[in-house]
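Chemist: Shown below is the structure under consideration.
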Amino acid sequence: MDERTFDRSGQHASVIGLGTWQLGADWGDVDDKEALAVLEAAAEAGVTFFDTADVYGDGRSEQTIAAFLSGRPDLHVLVATKMGRRVDQIPGNYVLDNFRAWNDRSRRNLGVDRIDLVQLHCPPTPVYSTDEVFDALDTLVEEERIAAYGVSVETCAEALTAIARPNVASVQIILNPFRMKPLREVLPAAREAGVGIIARVPLASGLLSGKYTRDTVFPENDHRTYNRHGDSFDVGETFSGVDYVTGVEAAAEFAALAPEGYTPAQLALRWIIDQPGVTTVIPGARSPEQARANADAARLPELSGETRAAIRDLYDRRIKGQVEARW
């Protein structure tokens, strides 16, 4: 699989990575055997970038990645984790002592002395403008606890603030055919600054797979049930902030745009990696089959101008009014 570079850190990632939120929690139950099988399938398909967080299953996702990689010393995988969501979300918690403690825990979970990439996990907005926060992250690099750092953001404004920081290696942001606003300013600014873009929620929590209907019922411990209205965290993380009925209807239109040989999910992933400035996209997977199908999207041809225009028209008609003002 093709790899792209985080220019500021010199690190490389496969254009399609693997998001491992599903392997920790909040997407229904996935047992250890299934989780390891997903990691194996992704790696065998050429994925060299795993994204996790210390809150995914309260460390379970990090530990599962460690268990898998310990048995595969032949693999060269860039592992990115995130920190900051295990405490109350107030700016005062984003200080060096806490960073060291969170980093110690993640290094233990991942079984490494130095983590490849650590990202602030959608912190309160003032954090992105606080010099002391980034001084503390620089200290973690100097102490060789981490090789590089980035941020995960909710809004385009937060992304642009982070990109202006000289040592931010990456920005993780929601980008998919139902969330196009980052194309206007965030991706061009990142390209100019040499900041990598990690595109998350690429399938709008599965909507863009075309598999769901108005009558689909998700498990009670799935965020697509309990966070549909933003009761537990930012609603933009669930169905990209699109209300479910609108999302299902628009997803059916989207599926009809898939060229021959593409699944709807592969169409969404191919659309994302075709965008200039995207370094990697991190779909999750609950089965080896899903992991392999996601990776296969990187081997499909670039989309035609006609298909891209039709996707844009769908977004403008059905989705834009719901999401652009908020994120």
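The values are calculated or read from the model by the stated rules, or taken from the named source; none is laboratory data. All values derive from a computational prediction rather than experimental measurement. Cβ: placed from backbone, ideal geometry, glycine included. Neighbour counts: every protein chain shown. The protein model used for the area step is the full one, side chains on, heavy atoms only, and it has no ligands, DNA or RNA in it. Shrake-Rupley method; radii C 1.70, N 1.55, O 1.52, S 1.80 Å.
Chemist: Among the residues of the stretch 286-327, write down those that are within 25 Å of THR246 (Cα to Cα) and small (Gly, Ala, Ser).
Modeler: Hits for the stretch 286-327 are ALA309, ALA310, GLY321, ALA325.
Chemist: A follow-up question, please. Which count do you get for residues in the stretch 251-304 that are in a loop (DSSP other than H, G, I, E, B), touching a residue at least 60 places away in the same chain (Cβ under 8 Å) and surrounded by fewer than 19 Cβ atoms within 10 Å (Cβ to Cβ)?
Modeler: Applying the first criterion (in a loop (DSSP other than H, G, I, E, B)) to the stretch 251-304 yields 256-263, 274-279, 282-287, 300-304.
So of that shortlist, the ones also touching a residue at least 60 places away in the same chain (Cβ under 8 Å) come out as 275-279, 282-287.
Now narrow it down to the ones that are surrounded by fewer than 19 Cβ atoms within 10 Å (Cβ to Cβ): 275-276, 286-287.
So the answer is 4.
Chemist: Further question on the same structure: Is it the case that the stretch 176-193 has a residue that's polar (S, T, N, Q) and either closer than 17 Å to GLN22 by Cα or surrounded by fewer than 24 Cβ atoms within 10 Å (Cβ to Cβ) (or both)? Before the answer, list the steps.
Modeler: At the first step, the residues of the stretch 176-193 found to be polar (S, T, N, Q) are 176.
Next cut, either closer than 17 Å to GLN22 by Cα or surrounded by fewer than 24 Cβ atoms within 10 Å (Cβ to Cβ) (or both) only: none.
Within the stretch 176-193, not a single residue is polar (S, T, N, Q) and either closer than 17 Å to GLN22 by Cα or surrounded by fewer than 24 Cβ atoms within 10 Å (Cβ to Cβ) (or both).
Chemist: What tally of residues in the stretch 119-159 results from selecting those that are among the β-branched types (Val, Ile, Thr) and under 19 Å from the mean Cα position of the chain (by Cα)?
Modeler: 4
Chemist: Of the residues that sit in the stretch 140-167 and are in a helix (DSSP H, G or I) and under 22 Å from THR52 (Cα atoms), which one is most open to solvent (accessible area, probe 1.4 Å)? Break it down stepwise before answering.
Modeler: So the first thing to find is which residues in the stretch 140-167 are in a helix (DSSP H, G or I), and the list is 140-142, 156-163.
After this cut, where a residue has to be under 22 Å from THR52 (Cα atoms) as well, the list is 140-141, 156, 158-159, 162-163.
Working: LEU140: 0, VAL141: 53, CYS156: 15, GLU158: 14, ALA159: 0, ALA162: 0, ILE163: 12 Å².
My answer is VAL141.
Chemist: Out of all the residues in the stretch 47-65, which are closer than 23 Å to ALA293 by Cα, open to solvent by less than 20 Å² (accessible area, probe 1.4 Å) and either in contact (Cβ under 8 Å) with a residue 60 or more places away in the chain or polar (S, T, N, Q) (or both)?
Modeler: Correct list: VAL47, PHE49, ASP51, THR52, SER61, THR64.
Chemist: ILE198 passes all but one of (1) assigned to a helix (DSSP H, G or I); (2) touching a residue at least 60 places away in the same chain (Cβ under 8 Å); (3) buried (at least 16 other Cβ atoms within 10 Å of the Cβ); (4) out of contact with any Phe, Trp or Tyr (no Cβ under 7 Å at 6 or more places or on another chain); which number fails?
Modeler: (1)
Chemist: Now, a different point. Which one is nearest to ASP31 (Cα to Cα) among residues in the stretch 72-93 that are over 17 Å from the mean Cα position of the chain (by Cα) and touching a residue at least 24 places away in the same chain (Cβ under 8 Å)? So that I can check it myself, show each step before the final result.
Modeler: As a first pass, look at the stretch 72-93 and keep what is over 17 Å from the mean Cα position of the chain (by Cα): 72-76, 86-93.
Within this subset, residues satisfying the condition of being touching a residue at least 24 places away in the same chain (Cβ under 8 Å) are 72, 75-76, 86, 89-91.
Working: ARG72: 20, LEU75: 23, HIS76: 25, ARG86: 23, GLN89: 30, ILE90: 33, PRO91: 35 Å.
So, considering only residues that are over 17 Å from the mean Cα position of the chain (by Cα) and touching a residue at least 24 places away in the same chain (Cβ under 8 Å), the one nearest to ASP31 (Cα to Cα) is ARG72.
Chemist: For the stretch 93-133, name all the residues that are among the β-branched types (Val, Ile, Thr) and either open to solvent by less than 10 Å² (accessible area, probe 1.4 Å) or in a loop (DSSP other than H, G, I, E, B) (or both). Outline the logic, then answer.
Modeler: Going through the stretch 93-133, the residues among the β-branched types (Val, Ile, Thr) turn out to be 95, 112, 115, 118, 125, 127, 130, 133.
Once the filter is applied, which keeps residues that are among the β-branched types (Val, Ile, Thr) and either open to solvent by less than 10 Å² (accessible area, probe 1.4 Å) or in a loop (DSSP other than H, G, I, E, B) (or both), the stretch 93-133 yields VAL95, VAL112, ILE115, VAL118, VAL127, THR130, VAL133.
Chemist: All but one of (1) under 18 Å from the mean Cα position of the chain (by Cα); (2) surrounded by fewer than 21 Cβ atoms within 10 Å (Cβ to Cβ); (3) at pLDDT 95 or above; (4) not polar (S, T, N, Q) hold for LEU69; which doesn't?
Modeler: (1)
Chemist: How many residues, within the stretch 215-250, are open to solvent by 10 Å² or more (accessible area, probe 1.4 Å) and either within 14 Å of SER205 (Cβ to Cβ) or aliphatic (A, V, I, L, M) (or both)? Step through it out loud before you land on a result.
Modeler: Here is the first cut: in the stretch 215-250, the residues open to solvent by 10 Å² or more (accessible area, probe 1.4 Å) are 215-221, 224-226, 228-235, 237, 241, 243-246, 248-249.
Then drop every residue that is not either within 14 Å of SER205 (Cβ to Cβ) or aliphatic (A, V, I, L, M) (or both), which leaves 216-219, 224-226, 228-230, 232-235, 237, 241, 243-246, 248.
The number of residues fulfilling the criteria is 21.
Chemist: Which count do you get for residues in the stretch 168-185 that are farther than 16 Å from ARG312 by Cβ and in contact (Cβ under 8 Å) with a residue 60 or more places away in the chain? Break it down stepwise before answering.
Modeler: Taking the stretch 168-185 and keeping what is farther than 16 Å from ARG312 by Cβ, we get 168-174, 185.
This time we only want the ones that are in contact (Cβ under 8 Å) with a residue 60 or more places away in the chain, so: 168-170, 172, 174.
Counting residues in the stretch 168-185 that are farther than 16 Å from ARG312 by Cβ and in contact (Cβ under 8 Å) with a residue 60 or more places away in the chain gives 5.
Chemist: If we keep just the residues of the stretch 1-23 that are surrounded by 21 or more Cβ atoms within 10 Å (Cβ to Cβ) and either of a type in the set (D, E, K, R) or modelled with pLDDT under 95 (or both), which is farthest from the chain's Cα centre (by Cα)?
Modeler: So the residue we want is LEU23.
Chemist: Which one of these does ASP26 not meet: (1) open to solvent by less than 60 Å² (accessible area, probe 1.4 Å); (2) modelled with pLDDT of 95 or more; (3) of a type in the set (Asp, Glu)?
Modeler: (2)
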